[in-house]
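The values are calculated or read from the model by the stated rules, or taken from the named source; none is laboratory data. Computed from a prediction, not measured in an experiment: that's the story for all the values here. Quick reminder, even Gly has a Cβ in these numbers, built from the backbone with ideal geometry, and neighbours come from all protein chains shown. Side chains included, ligands, DNA and RNA excluded: accessible areas come from the protein's heavy atoms. Shrake-Rupley method; radii C 1.70, N 1.55, O 1.52, S 1.80 Å.
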Amino acid sequence: MKILINKAACAGNARCAAVSEELFPLDDDGYIAVTEVDVPPGKEELARRGARACPERIIIIEEDK
Amino acid sequence: MSAAANVSPAVAKPAHVPDSLVYDFDMFRDPAYVADPHERILDLVKNAPPIFWTPRNGGHWMLMSHSANFNASRDTESFSSEFIPRAEMAAMKAKLPPGMPHIPLPVPINVDPPEHSKYRTPLQRVFSPKSILALKDSINALATELVDSVKDRGNCEFMKEIAEPMPVRVFLKMLGLPLDRQDEYREIVSQHLSDPSSDARAMIPKLQRIAASMNDTFIARRDNPQDDIISMLWKIEIDGKPTTIEDMQNYGVLLFIAGLDTVMNGIGHGVRHLARNPELQAQLRANPKMVPEATEELLRRYTFTVPPRMVAKDIVFEGVQMKARERAMLFLPAADLDPKEFANSDRYDLNRENKVHIAFNAGPHRCLGSHLARVELQVIYEVLMARLPTFRLDSQRPPTFHCGHVVGVDSLHLVWDV
Ligand code: HEM
């Protein structure tokens, strides 16, 4: 599973990081620091929850095929 | 005298507004709204069109639905935050005689992209989740002190005794303003709130008063930096240039008007809900780890700010024709109660899966202080749960409210057993 983030549209709500700082690391200004994350096994539900928490709706989960 | 007599006069409907989109609602004085704001908002959500035009307060649009608010907040080319056009502002400044006080401009809230980010980016780090987390212990100590000061009495007027002083003290501390001037700042806040004018020009003298109250500290920190926001702001660059005293006044005014009555009223709505729901208090006392989730659902259920926008050009927005220079309110409280977005939106549901509200708005102007606000809200709820027994509303003195761009609580009398 992959997390895809439209970083340019990040407004710094930091709600994803409130779900998991590990999956959704922030930079010093409080914006998302990454555009793509490979979700480690066992963290899938956390990844989905973090994506859903984004008020800007810019985090997309790519499920494994 | 009937309450309706206080409602502002209606203006004539412009020709391009169809009758079907007119709904009579005074966002400052509607009697049912002022009596119990979120009950009236639920009624509007059910009965008013998703976007409507009201003839009150000079006539303006109200964006009700979640989608309208979400989309308008991003479409800054159609919905501008610049109420005094730049040319007019420049002309006003040019006419000021030398030595007259600067006209503070609350940047970045009243600046559209792309200029917006010039003023916002330098503040971002100061208000990041990491910087704010470092303040949590001192905010906790402050909240504890305030709650303990009323604890043995078995009652308090929560707004005056806790909800108002708490954010004022946090603010003074963060900015490095003298704490012994607390009363003066509280007075300026209540003055600022007592006359909720929607005219940007009428605001100017008030903004100048706020700026003047901070000026000594600005100068003192420039010459002698300390560990506070004012000193940090002297070190940043705006658009590649070092900060000037005018920039400091702009930021000071912004943080003052954006960060004080907002937190105070958010706390007021949340604590009123807790006071009416002893089972929720019991749940949170048993499990304090649920406070952050409870805070999010309180923010959703009682979203309380109504940011204004100026329609920047003739547009058709979600099927509605709007004309340049008309005003539109982002009625965020209705967006967060939209049943299309939140099933059974009137229910406070701690287990609701989707609590992704837009109480802090979304898009480029998303509340810069949201991380600080969340910590202040969470801390006060935690401290109340930890230090007070079950509290309830004083049935003799029901809460009172005011409405406008901030929908707020005027008084909130609480009682508990001692
Ligand atoms: C519960 C408390 C708060 C709520 C509900 C709230 C709500 C909002 C909303 C809805 C906006 C967007 C305004 C717009 O779109 O025109 C905003 C902007 C802003 N808020 Fe807050 N706010 C709160 C607390 C704070 C605090 C504590 C601070 C800082 C000390 C703060 C600073 C700001 C700033 C600087 C902006 C302008 C951001 C920009 O234009 O880029 N707010 N707030």
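Taking every DSSP helix (H) stretch of at least 4 residues in chain A, weighting each as -39,500 (n - 2.57) and dividing the sum by the residue count yields a mean residue ellipticity at 222 nm of -5500 deg cm²/dmol.
Just the number please: accessible area per residue for chain B, 1.4 Å probe, all protein chains included, in Å². Walk me through the intermediate numbers first.
Numbers: 17570 Å² over 418 residues.
Roughly 42 Å² per residue, with all protein chains present.
Considering only alpha-carbon pairs that sit under 8 angstrom and 6 or more positions apart, the relative contact order computed for the stretch B:255-414 is 31 percent. Buried area at the A:B interface is about 1500 square angstrom, summed over both chains, from accessible surfaces computed with a 1.4 angstrom probe.
Note: relative contact order over the stretch A:2-62, using C-alpha pairs below 8 Å and six or more positions apart, is 48 percent. Helices in chain B, meaning DSSP H runs of at least 4 residues, each add -39500 (n - 2.57). Divided by all residues, the mean residue ellipticity at 222 nm is -14000 deg cm²/dmol. Computed over the stretch B:3-416, the P(r) curve from all C-alpha pair distances, binned at 10 Å from the origin, holds 4, 21, 32, 27, 13, 2, 0 percent per bin.
Contact residues in the stretch A:36-65 by the 40 Å² criterion (accessible area, 1.4 Å probe, full protein complex versus chain alone): A:Arg52, A:Pro55, A:Glu56, A:Arg57.
Legend: residue pairs B:Lys160/B:Lys241; B:Lys95/B:Lys173; B:Lys95/B:Lys313, Cα-Cα distance threshold 32 Å; pairs beyond threshold, B:Lys160/B:Lys241; B:Lys95/B:Lys173.
I'd like the mean, over residues of A:5-18, of how many other protein chain beta carbons sit within 10 Å of each residue's own Cβ.
Mean partner-chain Cβ count within 10 Å for A:5-18: 4.
Take every pair of alpha-carbon atoms less than 8 Å apart whose residues are at least six positions apart; their mean separation over the length of chain B yields a relative contact order of 26 percent. Using a probe radius of 1.4 angstrom, the carbon and sulfur fraction of the accessible surface of chain A is 48%.
In this structure the amide hydrogen of A:Leu26, modeled in the peptide plane, comes within under 5 Å of the amide hydrogens of A:Ala33, none closer than 5 places in sequence on its chain. Per 20 Å bin, what percent of the C-alpha pairs of the protein assembly as shown does each bin hold, from zero upward? Binned Cα distances yield the sequence 22, 58, 19, 0.
Straight-line reach from A:Lys2: taking Cα to Cα under 17 Å and skipping same-chain neighbours fewer than 8 places apart, the aspartates and glutamates in range are A:Glu21, A:Glu22, A:Glu36, A:Asp38, A:Glu44, A:Glu45, A:Glu62, A:Glu63, A:Asp64. Shown here is the pair-distance distribution of the stretch B:54-133: with all Cα-Cα distances grouped in 10 Å bins from zero up to the longest one, the shares run 13, 30, 34, 19, 3 percent.
Here's the list of aspartates and glutamates a cross-link from B:Lys235 could span, going by alpha-carbon distance under 15 Å and ignoring same-chain residues fewer than 8 apart: B:Asp223, B:Asp227, B:Glu246, B:Asp247. The share of C-alpha pairs in the stretch A:2-62 whose separation exceeds 13 Å stands at 52 percent.
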